[in-house]
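Asks: Quick one: structure below, then a few questions.
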Amino acid sequence: MSDKHTERSGARDVTIFHNPSCSNSRGALVLLKEQSVDHEVVEYLVTPPDRETLEMIVAKLLNPVTELVRTSDPKFVALGLDPTAFVTPEQIIDLLLKHPDLMQRPVVMKGDRAVIARPSDRVSEILA
């Protein structure tokens, strides 16, 4: 759950739900490091968020909650899912509990706000 920039013993001001294979996610991480922001990295495909964590993300999200699901992802399409079936926070949380890889990335949280950092520079919206 943590990387070399974090410690398990203390909470960080900023948490990034990160996928190292995603260029936007890598870019957001670079911005945090360049600005010397104390942060925790959660590789959500290695350590998928539980219901409580997803509820917290949804409650803090500045983006519309529907943007949290990768509806254009090949897996979403292959599963035959209908984007209009995932519009409420509960529907989205239930989906992401079953398929964490369908979560949009990166999600960056600070305090009572979270943003989907696509493009990466959206991180600045919650750092101010």
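Asks: For each of Phe17, Phe76, Phe86, count neighbouring Cβ atoms within 10 Å of the residue's Cβ, then give the residues from fewest to most.
Replies: In increasing order of surrounding Cβ atoms, one gets Phe76, Phe86, Phe17.
Asks: Right, next: Simple spin-label model, 7 Å along Cα-to-Cβ: Asp112 to Ser36 in nm?
Replies: The modelled label-to-label distance comes out at 2.9 nm.
Asks: Can you spot the aspartates and glutamates whose alpha carbon is less than 19 Å from Lys98's alpha carbon? Ignore those fewer than 8 places along the same chain.
Replies: Within reach: Glu43, Asp50, Glu52, Glu55, Glu67, Asp73, Asp82, Glu90.
Asks: Output needed for segment 14-127: three equivalent-ellipsoid semi-axes, defined as square roots of 5 times the C-alpha gyration tensor eigenvalues, in descending order, whole Å.
Replies: So the three semi-axes of segment 14-127 are 23, 15, 12 Å.
Asks: Considering Cα pairs under 8 angstrom that are at least six residues apart, work out the relative contact order of segment 14-127 and quote it in whole percent.
Replies: 37
Asks: Excluding residues fewer than 8 places away in the same chain, name every one of the aspartates and glutamates whose C-alpha is closer than 14 Å to that of Lys75.
Replies: In chain and number order, the partners are Asp101.
Asks: Label Leu45 and Leu97 with points 7 Å out from Cα along Cα→Cβ: what is the distance between them in nm?
Replies: According to this spin-label approximation, the distance is 2.3 nm.
Readers should treat all values here as calculations from the given coordinates under stated rules, not as data from a laboratory. Note that the structure is predicted; figures quoted are calculated from it, not measured. So basically every Cβ, Gly included, is an ideal-geometry build from the backbone, and we count neighbours across all protein chains shown.
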